[in-house]
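Below is one structure; the comments refer to it alone.
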Amino acid sequence: MARSLRGLVRGMLSLAFVMVGLLVATFALSSLSPVDPVLQMLGDHASASSYASTRHALGLDASLPQQFAGYVFRLAHGDLGISRSTGQPVREDLIRVFPATLELATLAMVVSAVVGIALGMLGAWRPRGVVDQMIRILSLFGNSVPVFWLGLLALCLFYARLHWTGGPGRIGDAFAYTIDMPSGLVLLDAWRSGEPGAFASAVSHLVLPVLVLAYNALGNVARLTRAAMLGELNKEYVTLARAKGAGEGRVLLRHVLPNVAGLLLTVLGLSYAGLLEGAVLTETVFAWPGLGRYLTTALFAADTPAILGGTLVIGTCFVFVNGVTDLLVRTFDPRLS
């Protein structure tokens, strides 16, 4: 128990140091940005007095340590600045767009986890067979194909030609302005709205971006699941289980899978964090109004507060997901405590 507690304390301290590093990194990005926030606000023809007063109001005439202290103080109070693209507080913008990214990444993670682990187990069941070779090719293809190209191809085929799925956006135009989205999760809000066809429309628009994003992560999950299970199949406890008459499927499910659960949790945690931060291209292709598309718009507009706010949210999610994954791994594998 004491050993587990020490491991938990070490993990929390490590997360705290990472968060401090993240704050320092985002502050350094804002300080080193070539875009002058004062000129961006006032324009190139601002007078010297207006420039000086605005610079003082923003605290840019203070020393770097004082600016960093002010930055941390504002963050502690939830102040991420004003977006120069939308004219709204960055915090409100992020609260509005982040649920869309969270929904998309979570559904993609569920699909990639279920399908990836199943394919990895299938490949380990008959290694170097025809099915195993096909799974390995499929996994390699998923890691190699650019997401934007796969997304455009899926839209052209399944939406424009076959009309099997919905197109860009989160829901059909007939429902976009008739249902409220208090939670920001289109499936939940469409279901609660009671509008006939709203939930089906939301599902139809989710299918392609979820599958495209999931396929990008599925390859790593399947490949690492297969490698982990093949590494366990040569151990003595597997030989003993086979000697007692256990079939290959039972050996994989009842004996090997629990022993590689810690590794699989690590892989899934890293994949999920990557999906949360890597949905930029998917959201752009499918016009998905999430954090990735918001950051893309901010980058094109040189909107520094929005860029830094979005970067901070993504970094915090990455740290949080990895921290939770570490705790789960320690729970499943006490040897790591």
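The values are calculated or read from the model by the stated rules, or taken from the named source; none is laboratory data. Keep in mind that what you see is a predicted model, and the values were worked out from it rather than measured. Because the Cβ atoms are built from the backbone with ideal geometry, glycine has one as well, and the counts that use them run over all protein chains shown.
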* Structure fact -> Going through (1) within 24 Å of the chain's Cα centre (by Cα); (2) surrounded by 21 or more Cβ atoms within 10 Å (Cβ to Cβ); (3) of a type in the set (A, V, I, L, M) one by one, residue 256 fails only at (1)
* **Any hit, region 86-98, residues being polar (S, T, N, Q), modelled with pLDDT under 80 and part of a loop (DSSP other than H, G, I, E, B)** => no
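Yes/no per residue for (1) surrounded by 17 or more Cβ atoms within 10 Å (Cβ to Cβ); (2) within 18 Å of residue 288 (Cβ to Cβ):
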| site | (1), (2) |
| --- | --- |
| 123 | yes, no |
| 126 | no, no |
| 132 | yes, no |
| 142 | yes, no |
| 153 | no, yes |
| 162 | no, no |
| 165 | yes, yes |
* Asked: How about region 234-287: which helices (runs of 4 or more DSSP H) wholly inside it have at least 3 residues that are modelled with pLDDT under 80 and small (Gly, Ala, Ser)?
  -> none
* Qualifying positions in region 44-83 - over 15 Å from residue 31 (Cα atoms), among the hydroxyl-bearing types (Ser, Thr, Tyr) and without any contact (Cβ under 8 Å) to a residue 12 or more places away in the chain -> 47, 49, 50, 53
* To do: Return the only residue of 148, 158 being surrounded by 16 or more Cβ atoms within 10 Å (Cβ to Cβ), assigned by TED's automatic domain parsing to the domain that holds residue 220 and in a helix (DSSP H, G or I).
  => 158
* Of the conditions (1) exposed (fewer than 13 other Cβ atoms within 10 Å of the Cβ); (2) under 32 Å from the mean Cα position of the chain (by Cα); (3) of a type outside the set (Ser, Thr, Tyr); (4) assigned to a helix (DSSP H, G or I), residue 66 fails just one. Which one is it? -> (2)
* Name the pairs: first residue in region 284-297 and touching a residue at least 24 places away in the same chain (Cβ under 8 Å) and surrounded by fewer than 22 Cβ atoms within 10 Å (Cβ to Cβ), second residue outside any helix (DSSP H, G or I) and not aromatic (Phe, Trp, Tyr), Cβ to Cβ under 7 Å, at least 6 apart or on different chains? -> 287/168; 287/169; 289/170; 297/85
* For region 195-218, state whether one or more residues are crowded, with 23+ Cβ neighbours inside 10 Å, modelled with pLDDT under 85 and under 27 Å from residue 98 (Cα atoms). => yes
